[in-house]
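Worksheet for the structure shown next.
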Amino acid sequence: MEWIRLIGVVIIVVGFLMKLDTLAVVILAGLITGLVSGMGIIEILHVLGSAFITNRFASIFIISLPVIAILERYGLKVQASNLIAKIGHATAGKVLSLYMGIRTIASALSIRIGGHVQFIRPLILPMTEAAAKNDLGQDLDEAQTEKVKAYAASVENYGNFFGQNVFAGSTGVLLIVGTLSTQGYAITPAQVAIASIPIAICAVVVSVIQFMIADKKMKRGTKS
């Protein structure tokens, strides 16, 4: 009956297929797996609590969420929108292009100033929306709003992903070095970082082109 301990896997698969609450599914799977394995409730809770304490640093970002909520409550998004509204020639593409450059440079220097929750949602997205409204001279419809959200989310990924490898001490570079070393390729973090510089520059250029094209598409959509 050892196979019965795999029931937790079945619960997780079924829960995900039914699109149930992820955290509830995982906890339920853990509880049932513990019970069928002969553990008591107290022992199961002890294991869950110990695992949470051991890995609590992974959830330290949660601390920033109340701070962001307070900033939004007292008008951070509104002030960000007002700031961009005062700049007559600002467009969504220009705002995103500027952030792409800043984010890439910051990642290359291992300066953590980005993040979807900490930076994109409270600052970059409202500034981009305000710039798009100014540029089009009208409010955005639902499709345009969703596109602006997608572009704002993507610029964070572009800047972080391609910029971080320019810093020789980043986890991505160390992972590349470690993986190549196990395959017999002698390489140093500095070599990986130098090789990543043209890639990061290309990422910035391609992103800027993408955002400029997006600006023109939104204008054409408005005129039609």
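The values are calculated or read from the model by the stated rules, or taken from the named source; none is laboratory data. On a predicted model such as this, the values are computed, not experimentally measured, just so you know. Cβ atoms come from the backbone with ideal geometry, glycine included; neighbour counts cover every protein chain shown. When the accessible area is computed, the model is the full protein with side chains, heavy atoms only, and any ligands, DNA or RNA have been set aside. Shrake-Rupley method; radii C 1.70, N 1.55, O 1.52, S 1.80 Å.
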Inset, instruction - Find me the longest stretch of the chain that has none of the exposed chymotrypsin sites (Phe, Trp or Tyr not before Pro), where exposed means in a DSSP loop (not H, G, I, E or B) with at most 10 other Cβ atoms within 10 Å. - result: 75-184
Legend entry - Pairwise label distance in nanometres, Ile42 with Trp3, each label 7 Å out on the Cα-Cβ vector: 3.5
Inset, instruction - Just reorder Leu65, Leu96 by solvent-accessible area, largest first, 1.4 Å probe, all chains present. - result: Leu65, Leu96
Legend entry - Backbone HN-Hα couplings from phi across the stretch 139-148 [Karplus 6.51/-1.76/1.60, Hz, Gly and Pro as x]: 5, 7, 7, 4, 5, 5, 4, 5, 5, 4
Inset, instruction - Pop out the carbon and sulfur fraction of the accessible area of the stretch 60-222 as a percent, whole number, probe 1.4 Å. - result: 68
Legend entry - Between the stretch 89-136 and the stretch 146-167, the alpha-carbon center distance in angstrom: 9
Legend entry - With DNA, RNA and ligands ignored, accessible area of Val192 (1.4 Å probe; Å², nearest 10): 10
Inset, instruction - May I ask you to rank Arg121, Arg73, Arg220 by accessible area, largest first, using a 1.4 Å probe over the protein chains only? - result: Arg73, Arg220, Arg121
Inset, instruction - Per DSSP H run of at least 4 residues, take -39500 (n - 2.57); add these up for the chain, divide by its residues and hand me the 222 nm value, nearest 500 deg cm²/dmol. - result: -23500 deg cm²/dmol
Inset, instruction - With an 8 Å cut-off on Cα pairs and a minimum separation of 6 or more residues, tell me the relative contact order of the chain in percent. - result: 19
Legend entry - Rounded to the nearest 10 Å², the accessible area of Asp139 at probe 1.4 Å: 120
Inset, instruction - State the label only: which of [x] 1.08; [y] 0.94; [z] 1.10 corresponds to Rg/Rh (Cα atoms, Kirkwood Rh) computed from the shown model? - result: [z]
